[in-house]
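The values are calculated or read from the model by the stated rules, or taken from the named source; none is laboratory data. As the structure is a computational prediction, the values presented were derived from the model and not from experiment. So basically every Cβ, Gly included, is an ideal-geometry build from the backbone, and we count neighbours across all protein chains shown.
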Amino acid sequence: MKETLLIVDDDIDSLRLLGLILERQNYTVVTANNGDEAIRKARNEKPDLILMDVTMPGRDGYEVTKIIKEDQKMKNIPIIMLTAKGDLDDKVVGFESGVDDYLTKPTQPKELIAHIQAVLTRNIKNREIKEVTSSLPRSYTIGVIAAKGGLGCSTLSLALGLLLKENSEQEVIVAEYRPGQGTLGFLLGVEDPMRIPNLFDIPLSELNIEHIEKCLFNFTLPKNPHNEEEEKKKIKILLSSSHPGESKYIQQTELYRLITHLLTKISGFLVLDLGTSLNPIAEKTIEQCDELIVITDTVTHTVQQTRALLLSLRSYGFNGNKIDVFLHKTCYSSMCADSEKPKLDKEDAYTTLFTPKSFSIKDIKEQLNLPIYYNEGGFTRYWEVMQSLAENIANRNTNTASLG
């Protein structure tokens, strides 16, 4: 059966040329030369894919895309934005509006056909899953951040990704957004993986999902010893480089913002290791997160730094049920120079983080409804706390999706 493509462009010559090219490739072509006509034909014709121009009289391509993606009957139609607007900001706005791919005119026919076939193939593979999980239009994104280094952002990000996959059939991706400070490769014993720096040489106006997928490292979870027949599960990881010279890429905020948009298209859960404090990448990408995990310990100055970070995060809309706090109990060796650092007990840590000292823990929880996960030490306890955190995130994702 022929696939039906809807071409949307206010330039009649472009419509005719594209239509001719696509008909020769055995596609059925439907056209529209303005936004309202595009919405009407998308609803009535139910095309397999839409090629969308941006600049048109009346509704532009961004607005039309948003309307289609927010409509329950049309939101699963893939959209490729085909436009002369090739600036990075234009491309980011396109992905934010919901497009599945972005091409800049002029485009060679072979490249256009290749992108159409890739998007159609991806859509066919995911169609049954999308019908079952139609309330999950994109991945649920969790950012992991700490006020200072050494608190285990990378370890927690990896553990969370593993546990989310262990309890879910959805695709899980863990992305390390720490240029020059990558550690996940070492943790996993990966000698020469593709890393985010492999994307730096690609013009941002050309970066697409295929480039991202080539840089993802597949990590297989250990097999369940109680069920030998169970298929091994995998998560995908986007690694940062550990080369100190690549710390300069921390200023490439638009690249990371675009990578995040692309990752949300191919995952059910996306875990971002954002590193320390509101660094440039974290500041640019936390707005794309559904919730944040803030890591701290019981050392006094760490708690004070974390409280300042939490206050800053409020200006980005993160408070209440959009933040989880993971609190480590700090144990210093008597031989360590840090052994004399002042430490807080658990109740003091809670109080210092969120409220004046006159408030009790009960008052804090009632007023802020802020989940706090306390790791009292040891691998077993850490894993138990992480399991609870992962289960709660999965439940919140389900509840949020059902409301949407």
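Yes or no: region 245-252 includes at least one residue that is among the polar types (S, T, N, Q) and either within 18 Å of the chain's Cα centre (by Cα) or under 30 Å from ARG122 (Cα atoms) (or both). Spell out how you get there, then give the answer.
In the first step, residues of region 245-252 are kept if they are among the polar types (S, T, N, Q); the result is 247, 251-252.
So of that shortlist, the ones also either within 18 Å of the chain's Cα centre (by Cα) or under 30 Å from ARG122 (Cα atoms) (or both) come out as 252.
Within region 245-252 (the criterion being among the polar types (S, T, N, Q) and either within 18 Å of the chain's Cα centre (by Cα) or under 30 Å from ARG122 (Cα atoms) (or both)), the answer is yes, since at least one residue qualifies.
Quick check, is GLU287 at pLDDT 85 or above and within 21 Å of GLY180 (Cα to Cα)? Before you say what the answer is, go through the steps one by one.
Working: at pLDDT 85 or above: yes; within 21 Å of GLY180 (Cα to Cα): no.
The answer is no for GLU287.
Name the pairs: first residue in region 188-213 and in the same structural domain as LEU238 (by TED's automatic domain parsing), second residue surrounded by 15 or more Cβ atoms within 10 Å (Cβ to Cβ) and modelled with pLDDT under 75, Cβ to Cβ under 6 Å, at least 6 apart or on different chains?
Once the first residue is in the same structural domain as LEU238 (by TED's automatic domain parsing) and sits in region 188-213, its partners that are surrounded by 15 or more Cβ atoms within 10 Å (Cβ to Cβ) and modelled with pLDDT under 75 give LEU204/LEU88; SER205/GLY86.
Return the only residue of LEU313, LEU272 being touching a Leu at 6+ places or on another chain (Cβ under 9 Å), touching a residue at least 40 places away in the same chain (Cβ under 8 Å) and either more than 18 Å from GLN251 (Cβ to Cβ) or not in a helix (DSSP H, G or I) (or both).
Numbers: LEU313 fails: touching a residue at least 40 places away in the same chain (Cβ under 8 Å).
When all the criteria are applied, what remains is LEU272.
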